[in-house]
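For reference, the structure discussed in these notes is given below.
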Amino acid sequence: MDQPSGRSFMQVLCEKYSPENFPYRRGPGMGVHVPATPQGSPMKDRLNLPSVLVLNSCGITCAGDENEIAAFCAHVFELDLSDNKLEDWHEVSKIVSNVPHLEFLNLSSNPLSLSVLERSCAGSFAGVRKLVLNNSKASWETVHTILQELPDLEELFLCLNDYETVSCSPVCCQSLKLLHITDNNLQDWTEIRKLGIMFPSLDTLILANNNLTTIEESEDSLARLFPNLRSINLHKSGLHCWEDIDKLNSFPKLEEVKLLGIPLLQSYTTEERRKLLIARLPCITKLNGSIVADGEREDSERFFIRYYMEFPEEEVPFRYHELVTKYGKLEPLAVVDLRPQSSAKVEVHFQDKVEEMSIRLDQTVAELKKHLKTVVQLSTSNMLLFYLDQEAPFGPEEMKYSSRALHSYGIRDGDKIYIWWDREDGEREHRRLTGAGELVVTPKPAPLVCSAVPVQNERDRRAKKSKQDEQEIISGSLGGPFGDNSTAA
């Protein structure tokens, strides 16, 4: 048989790993140099090979010298030949048959559909445990031949092969644990069930991006088809019915489910999707890659009860009655808005005027004074503010800290703010707020306090000095805050 044209496996191997040719450039990337350490290969003086060989996208079309492959690759157990130009299974067989310890083989994106795999060639794959045939367009006949000759195969990747149907193998593969068959066009459940017949020991089934529309199988039959299935991936399938989700409970060992991007869940919020799925799938311990803790499961099941409690009886799923038996009939949760109030409508009292204003609660006392300055035409340095909570029993509170935020006072709609000031003509109007929010005014012809005397001390001194005058005015002329001629406390 003529040697195929193109680059051989051995040629690429020598170029990439030979010390004389380092660094070997291939396209935009570089080859990999491995330091000289004992690897088990009999020709360490010529090549320095790791036990994992990555020769993807190298333009390989044939094997090359088989004796050299056997000499150099005796210790290799992983081989990546993806995205090359291998189109003849005989050439692949020459490579693999001379790598005796090979366990992982990646043949993705090679045009292997152009040739037929004979059983004599497939026998060279006997020791392989993980086989990747993504985008190789390998036929089901080729897959069946491989399965018959690989008694220890545990993982098989058949993605992007344009499968619309599944052809059953005459022999079951008892060893296969993981089947990765995403991005095909398997829409009918009758095709998926064939996978259960071929791979009865299947532990993980990855069916993402297949547009599977429904699971048309009885619960008993599902349990028999996939008795050992622990994980299933149905991302971006075409499932649109809750009954299909409920059928997943028929797999007796199912623990993990992936269900992102399916039509059924598009109308739900992110929270609703996760909680409704967890509640419907009581046995799963992981959903969409995240562990389902006991607390999350209980929250989800209680959420499920409240979600369906107002539905008509004919629309309530059976799972609802199971959970009511477990938790009892729950009361609806109270709707509590915990967001902080951003503004409040308050009454601003200045002299004999009252004005209703809406103020921002994220601003400080100093910023509020600046805002009120334009309203009352007073300097902020001569302005004192008092806040009166309409429900507080302790009376008004002076807003004396300029940097304090208004929301820290707990201001709400209907509360009051009083303005107290030093008059511009030199007179101070001393105002006292009563517990009922009334203001008592005592005009006092006194100069403004000296800057050398603390303002608060001066206020206390003047308040003490004028106490008698205030009491006389309040009891004699203005009356007490709680009735005629009552004495102010």
Of (1) assigned to a loop (DSSP other than H, G, I, E, B); (2) closer than 24 Å to Pro151 by Cα, Gly196 satisfies every one except (1)
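Looking only at segment 78-99, count how many residues are more than 13 Å from Thr61 (Cα to Cα) and small (Gly, Ala, Ser). I'd like the intermediate steps shown before the answer.
Kept after step one, since they are more than 13 Å from Thr61 (Cα to Cα), are these residues of segment 78-99: 78-80, 96-99.
The next check asks that each one be small (Gly, Ala, Ser); those that pass are 97.
Number satisfying all stated conditions: 1.
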Checking Ile359 against (1) open to solvent by less than 80 Å² (accessible area, probe 1.4 Å); (2) at pLDDT 95 or above, which single condition isn't satisfied?
(2)
What tally of residues in segment 307-333 results from selecting those that are under 27 Å from the mean Cα position of the chain (by Cα) and farther than 25 Å from Lys247 by Cβ?
1
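Restricting attention to helices (runs of 4 or more DSSP H) lying wholly within segment 241-317, give those where 2 or more residues are closer than 22 Å to Ile206 by Cβ. Step through it out loud before you land on a result.
Working: elements: 242-247, 270-280, 294-308.
Because the criterion is at least 2 residues that are closer than 22 Å to Ile206 by Cβ, the helices (runs of 4 or more DSSP H) in segment 241-317 that meet it are 242-247, 270-280.
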May I ask you to list the residues in segment 277-316 that are open to solvent by 20 Å² or more (accessible area, probe 1.4 Å) and under 20 Å from Leu234 (Cβ atoms)?
Pro282, Cys283, Thr285, Lys286, Asn288, Gly289, Ser290, Ile291
Thr182 passes all but one of (1) in contact with a strand residue (DSSP E or B) (Cβ under 6 Å, 6 or more places away or on another chain); (2) among the hydroxyl-bearing types (Ser, Thr, Tyr); (3) open to solvent by 20 Å² or more (accessible area, probe 1.4 Å); which number fails?
(3)
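Looking at this structure, is Ile262 in the same structural domain as Asp162 (by the TED database), under 21 Å from Leu186 (Cβ atoms) and at pLDDT 95 or above?
yes
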Being at pLDDT below 90 and hydrophobic (A, V, I, L, M, F, W, C) is the filter here, so list the residues in segment 335-353 that pass it.
Val335, Val336, Leu338, Phe350
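The values are calculated or read from the model by the stated rules, or taken from the named source; none is laboratory data. Keep in mind that what you see is a predicted model, and the values were worked out from it rather than measured. Methodologically, a virtual Cβ is constructed for each residue, glycine included, from the backbone with ideal geometry; neighbour enumeration extends over all protein chains shown. Accessible surface is based on the protein model in full, side chains and every heavy atom, while ligands, DNA and RNA are left aside. Shrake-Rupley method; radii C 1.70, N 1.55, O 1.52, S 1.80 Å.
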